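Right, one structure below, let's go through it.
The values are calculated or read from the model by the stated rules, or taken from the named source; none is laboratory data. If you're wondering where the values come from, they're calculated on a predicted model, not measured in any experiment. FYI the Cβ positions are ideal-geometry reconstructions off the backbone, even for glycines, and counts take in every protein chain you see. Please note that ligands, DNA and RNA were not included when accessible areas were found on the heavy atoms of the full protein model with its side chains. Shrake-Rupley method; radii C 1.70, N 1.55, O 1.52, S 1.80 Å.
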Amino acid sequence: SAAGGWLPMCWCRAHAASHMTLPTSVDHPLFRALEARTELEWAYYQAGPTAASSSNAKEPLVFCHGTSGTASAFFYQVRALAAKGYRVISAQYPAYGSSEEWCKGFDRFLDTIKCRVVHLFGAGLGGFLTQHFASMYPRRVKSIILCNSFASTHPFADKAGSLASMVHFAPTALLQKVVLDNFPECGMELSAKQAIDFIAQQVCDIRGNDLASRLSLNSTASCAGALSLDMSRITLMESSGETMVPDGLRRQLRGLYPGARIAQLKATGDFPYLSRPDEVTLFIEVHLRSAGDFSVGVAAQPQPQPEASTARVWQDDIDVDVHARPSERRVANSWVNPFEDDLLEASRPKGA
């Protein structure tokens, strides 16, 4: 096990986008875990009951961001799920040279924070890496959610060409430009655009060597290993419309996990956990319940029941209507979408 050190820091930075309403450092401080005998440092947020604080504490859910994200990208889900009694961790990983090294580092990180078995939520590159981890360390993974993710980096490697071998020598400004240039600029709903703006701000805060590592992992030809995990413990969460993940890779992922649950979101864009957090959080909770992990203790709320005429999500014994209006789904202690004020302002007639 790696020796861990923790340093609380503020969740949000002073220059974060003004329309984002983030929790304060008192709510959820940022911790750091140092990997033994290296200079590698994991950062993470943690909320909800721990094994030490609750005898009923279940396996935690660990979020892993993509190429352009940080641990704060999942602040909605951390706050909302913790309020319902789940233990939730959002991790930000340091620079690793390969997927195998990342998996070994993540294994040591879980040792450091005293997590033996976990549920995993991986977005984009984070989903690709968590598949590698579940293949290498199957006994540590109880279930997995892949959000707009993929199982092969070959198309990205073909597109990157020689750039993949040069990222570690490129200046930080160039690496930031490479990431930001991949973001779509039009043809999306307002909340998806504002989610991109928030992630773009995070890209500007990420250290150059971390960006180089992520781009290298994303553009080095590789495939995720075969999973021994029961298909019913896998959820593929996909946004509506186009994302930065090619359609071919999305089809390939479905083909690899034919028995997995498909969570087709109404949200568009690559960051639905920011643009439509209520929808994503509800799907996550249904996934955890299907894996046998029910919320415990504080502020646990019953799930809304769908009307007989509404479409069902899962083809099994757990059915939830995620297309209900937010006013019908919102419960105590849930997050208020920080984009709502902007949406109302945009829809208001001029001069009103």
Do the conditions hold for residue 263, that is, is it in a loop (DSSP other than H, G, I, E, B) and either over 28 Å from residue 188 (Cβ atoms) or modelled with pLDDT of 95 or more (or both)?
no
Scan segment 219-240 residue by residue and report those that are touching a Gly at 6+ places or on another chain (Cβ under 8 Å), open to solvent by 20 Å² or more (accessible area, probe 1.4 Å) and touching a residue at least 40 places away in the same chain (Cβ under 8 Å).
232
Scanning for something polar (S, T, N, Q), part of a loop (DSSP other than H, G, I, E, B) and closer than 25 Å to residue 119 by Cβ, does segment 196-209 turn up at least one residue?
no
So residue 161 fits all but one of (1) assigned to a helix (DSSP H, G or I); (2) closer than 17 Å to residue 69 by Cβ; what number is the exception?
(2)
State which residue is nearest to the chain's Cα centre (by Cα) when the search covers only segment 87-107 and only residues that are open to solvent by 10 Å² or more (accessible area, probe 1.4 Å) and closer than 20 Å to residue 58 by Cα.
87
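Given the structure, is residue 177 part of a helix (DSSP H, G or I), out of contact with any strand residue (DSSP E or B) (no Cβ under 7 Å at 6 or more places or on another chain), exposed (fewer than 15 other Cβ atoms within 10 Å of the Cβ) and touching a residue at least 12 places away in the same chain (Cβ under 8 Å)? Let's see the steps before the verdict.
Details: part of a helix (DSSP H, G or I): yes; out of contact with any strand residue (DSSP E or B) (no Cβ under 7 Å at 6 or more places or on another chain): yes; exposed (fewer than 15 other Cβ atoms within 10 Å of the Cβ): yes; touching a residue at least 12 places away in the same chain (Cβ under 8 Å): no.
No, not satisfied.
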Taking into account only those residues within segment 27-45 that are within 11 Å of residue 90 (Cβ to Cβ) and at pLDDT below 95, which is surrounded by the most Cβ atoms within 10 Å (Cβ to Cβ)?
28
Just to be sure, is residue 150 under 16 Å from residue 219 (Cα atoms) and either surrounded by fewer than 20 Cβ atoms within 10 Å (Cβ to Cβ) or modelled with pLDDT of 95 or more (or both)?
yes
Quick check, is residue 265 open to solvent by less than 40 Å² (accessible area, probe 1.4 Å), closer than 23 Å to residue 138 by Cα and either of a type in the set (Phe, Trp, Tyr) or touching a Ser or Thr at 6+ places or on another chain (Cβ under 7 Å) (or both)?
no
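Do you know which of the residues in segment 216-244 that are among the hydroxyl-bearing types (Ser, Thr, Tyr), in a strand (DSSP E or B) and touching a helix residue (DSSP H, G or I) at 6+ places or on another chain (Cβ under 7 Å) is farthest from residue 98 (Cα to Cα)?
At the first step, the residues of segment 216-244 found to be among the hydroxyl-bearing types (Ser, Thr, Tyr) are 216, 219-220, 222, 228, 232, 235, 239-240, 243.
Cutting the leftovers down to in a strand (DSSP E or B) gives us 235, 239-240.
Keeping just the survivors that are touching a helix residue (DSSP H, G or I) at 6+ places or on another chain (Cβ under 7 Å) gives 235, 239.
Working: 235: 25, 239: 28 Å.
Going through the qualifying residues, I end up with 239.
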